[in-house]
1. Could you list which residues have their amide H under 5 Å from that of residue 71, counting only those 5 or more apart in sequence or on another chain, with H placed in the peptide plane?
2. For region 38-45, in order, what is each residue's ³J(HN,Hα) by Karplus, 6.51 cos²θ - 1.76 cosθ + 1.60 with θ = phi - 60°, in whole Hz (x at glycine and Pro)?
3. Provide the per-residue ³J(HN,Hα) series for region 68-76, in order, calculated from phi with Karplus coefficients 6.51, -1.76, 1.60 and θ = phi - 60°, each as a whole number of Hz, with x at glycine and proline positions.
4. Search the structure for amide H atoms under 5 Å from the amide H of residue 77, placed 1.01 Å from N in the peptide plane, and list their residues when 5 or more places away or on another chain.
5. State, to one decimal in nm, how far the label point of residue 70 lies from the label point of residue 90, with both points 7 Å from Cα in the Cβ direction.
Amino acid sequence: MGVIRMFAAATIGLVSTVAMAADPDQAIRQSLQKIQPDMPIEAVAESPMPGVYQVQLEGGRQLYASADGQFVIQGYLYQFKDGQVVNLTEQAQSRSVAKQINAIPAS
C-alpha cells in the first residue's frame, strides 16, 4: 500500500510540474518577481520570435523571456522582413504609449 501511495504522490507531483511548465505566463511572472517582487508586469504574450515571449511592463517598457522563465533579455528585438530591418520592440512600445494616451480622459 505504501508503494502505491508513493507512486501516486510522485505522479501528482510530476503532473503538477508539467502543468506549471506548460504555462509560460506564470513561469515568466514567477521568475521576474524573484528579481523584483513589485515588477509592474502588464502582459506576457508570444513574440514574433519562436520560443520567446514578450513581457509588457507598465510605462511601455519591454522585456523578452524564454517560455520557462529561465532566460530574460533586455534590449531590442529586430526582424529582417522583406529586405527591411524592423524594430519590433520599438513598435510594441509605441503601441503601448498610444494606448496609455488614448486612456487619458478628454478634459
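1. Amide H neighbours of residue 71, under 5 Å, 5+ apart: 66.
2. Result, rounded to whole Hz: 9, 4, x, 7, 8, 7, 10, 8.
3. 8, x, 7, 10, 10, 10, 10, x, 9
4. Amide H neighbours of residue 77, under 5 Å, 5+ apart: 88, 89, 90.
5. 3.4 nm
No value in this document is a laboratory result; all are computed from the given coordinates. Source: prediction; values computed, not measured. No Cβ is skipped: glycine too gets one built from the backbone with ideal geometry, and neighbour counts run over all protein chains shown.
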